[in-house]
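**Q** Pasting in a structure now, in structure tokens, and then I'll have a few things to ask.
The values are calculated or read from the model by the stated rules, or taken from the named source; none is laboratory data. Because the structure is predicted, anything quoted here is derived from the model rather than measured. Positions of Cβ are backbone-derived with ideal geometry, glycine not excepted, and every protein chain shown enters the neighbour counts. Accessible surface areas use protein heavy atoms only, side chains included; no ligands, DNA or RNA. Shrake-Rupley method; radii C 1.70, N 1.55, O 1.52, S 1.80 Å.
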Amino acid sequence: MKIAVASDHAGFEYKERLKELLKELGHEVVDFGCFSPDSSDYPDFAYPAAKAVGEGECERGIFICGTGIGVSIVANKVKGVRAANCCSVEEAKLSRQHNNANVLTFGARLISFELAKEIVKVFLETEFEGGRHERRVEKIHKLTGL
Ligand code: RB5
């Protein structure tokens with residue numbers, strides 16, 4: 001899968017370490033920054049990365065900041081994006097099964113790297129259930145125009 005990754009300084013280290021995991025799992029990684037641990041502003045990286053997912057250049061996105069909240073707010077303002085901020089494996093699984101989430105966000109200051117790895121794996125391997133959820137997901141885009 002082609003995966004867009006993005007972070008600010010707070011998520012930089014997790015992003016760098018997760019890139020290795022994603023490559024080991026056979027994915028192609030497109031890194032939208034940041035590119036150093038220096039203080040930075042998450043919209044600068046989350047917005048272009050979210051556009052890459054919304055426009056179909058990348059199939060999924062994984063965005064990290066201190067809490068995951070800032071990058072998720074940015075991502076959910078981009079057409080075609082369904083971002084889920086997940087603190088647990090169960091949330092990551094349900095975000096795929098019920099919401100067909102195409103962007104995963106989380107906070108490097110809130111969860112351990114070990115948990116982040118499990119969340120990422122489940123997010124990437126879980127399929128959308130479709131069925132009754134299909135109609136609801138379609139309505140997100142129809143009603144919001146996004
Ligand atoms: C940076 O200090 C922090 O505010 C940012 O990483 C993020 O948590 C915002 O939502």
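**Q** When you check Ile64 against the structure, is it surrounded by 14 or more Cβ atoms within 10 Å (Cβ to Cβ), in a strand (DSSP E or B) and not basic (Lys, Arg), yes or no? Even if it seems obvious, please write down each step before you answer.
**A** Details: surrounded by 14 or more Cβ atoms within 10 Å (Cβ to Cβ): yes; in a strand (DSSP E or B): yes; not basic (Lys, Arg): yes.
Considered against the rule, which asks whether it is surrounded by 14 or more Cβ atoms within 10 Å (Cβ to Cβ), in a strand (DSSP E or B) and not basic (Lys, Arg), Ile64 comes out as yes.
**Q** Only residues that are touching a residue at least 40 places away in the same chain (Cβ under 8 Å) and either of a type in the set (A, V, I, L, M) or under 13 Å from Tyr42 (Cβ atoms) (or both): list them for the range 88-105, please. Quick ask: steps written out before the conclusion?
**A** First, the residues of the range 88-105 that are touching a residue at least 40 places away in the same chain (Cβ under 8 Å): 102-105.
Correct list: Val103, Leu104, Thr105.
**Q** Mind checking whether some residue in the range 2-22 is more than 22 Å from Ile69 (Cβ to Cβ) and in contact with a Gly (Cβ under 9 Å, 6 or more places away or on another chain)?
**A** No, that holds for no residue.
**Q** State whether the residues of the range 100-119 include one that is at positive phi, within 16 Å of the ligand (Cβ to nearest atom) and in contact with a Ser or Thr (Cβ under 7 Å, 6 or more places away or on another chain).
**A** Within the range 100-119, the subset at positive phi is 100.
From the residues that got through so far, the ones that are within 16 Å of the ligand (Cβ to nearest atom) too are none.
Checking the range 100-119: not a single residue is at positive phi, within 16 Å of the ligand (Cβ to nearest atom) and in contact with a Ser or Thr (Cβ under 7 Å, 6 or more places away or on another chain).
A quick yes/no check of all residues on (1) within 12 Å of the ligand (Cβ to nearest atom); (2) within 13 Å of the chain's Cα centre (by Cα):
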| residue | (1), (2) |
| --- | --- |
| Ile3 | no, yes |
| Phe12 | yes, no |
| Glu24 | no, no |
| Cys34 | yes, no |
| Phe45 | yes, yes |
| Arg60 | no, yes |
| Phe63 | yes, yes |
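**Q** Related question: Filter the range 67-98 for residues that are buried (at least 21 other Cβ atoms within 10 Å of the Cβ), within 16 Å of the ligand (Cβ to nearest atom) and under 15 Å from Ala116 (Cα atoms) and give the result.
**A** Scanning the range 67-98 gives Gly68, Ala84, Asn85, Cys86.
**Q** Give the number of residues within the range 137-146 that are surrounded by 11 or more Cβ atoms within 10 Å (Cβ to Cβ) and either in contact (Cβ under 8 Å) with a residue 24 or more places away in the chain or among the small types (Gly, Ala, Ser) (or both).
**A** Step one: filter the range 137-146 for residues surrounded by 11 or more Cβ atoms within 10 Å (Cβ to Cβ), giving 137-138, 140-141, 146.
Among the residues that remain, those that are also either in contact (Cβ under 8 Å) with a residue 24 or more places away in the chain or among the small types (Gly, Ala, Ser) (or both) are: 137, 140-141, 146.
Number satisfying all stated conditions: 4.
**Q** Mind checking which residues of the range 8-56 are closer than 26 Å to Glu118 by Cβ, in a loop (DSSP other than H, G, I, E, B) and open to solvent by less than 30 Å² (accessible area, probe 1.4 Å)?
**A** Answer for the range 8-56, where residues must be closer than 26 Å to Glu118 by Cβ, in a loop (DSSP other than H, G, I, E, B) and open to solvent by less than 30 Å² (accessible area, probe 1.4 Å): Asp8, Gly33, Cys34.
**Q** For the range 12-26, does any single residue satisfy the condition of being over 19 Å from Leu124 (Cα atoms) and at pLDDT 95 or above? Talk me through it step by step, then tell me what you get.
**A** Step one: of the range 12-26, the residues over 19 Å from Leu124 (Cα atoms) are 12-13.
Now narrow it down to the ones that are at pLDDT 95 or above: 12-13.
Looking for residues that are over 19 Å from Leu124 (Cα atoms) and at pLDDT 95 or above, one finds at least one in the range 12-26, hence yes.
For every residue, the table says whether it meets (1) under 20 Å from Lys15 (Cα atoms); (2) among the aromatic types (Phe, Trp, Tyr); (3) part of a helix (DSSP H, G or I).
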| position | (1), (2), (3) |
| --- | --- |
| Ala84 | yes, no, no |
| Leu94 | no, no, yes |
| Ala101 | yes, no, no |
| Thr105 | yes, no, no |
| Arg109 | yes, no, no |
| Leu115 | yes, no, yes |
| Val122 | yes, no, yes |
| Glu134 | no, no, yes |
| His141 | no, no, yes |
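**Q** For the range 30-89, name all the residues that are over 10 Å from Ser7 (Cβ atoms) and either modelled with pLDDT under 95 or among the hydroxyl-bearing types (Ser, Thr, Tyr) (or both).
**A** Ser36, Ser39, Tyr47, Thr67, Ser72, Ser88, listed by residue number.
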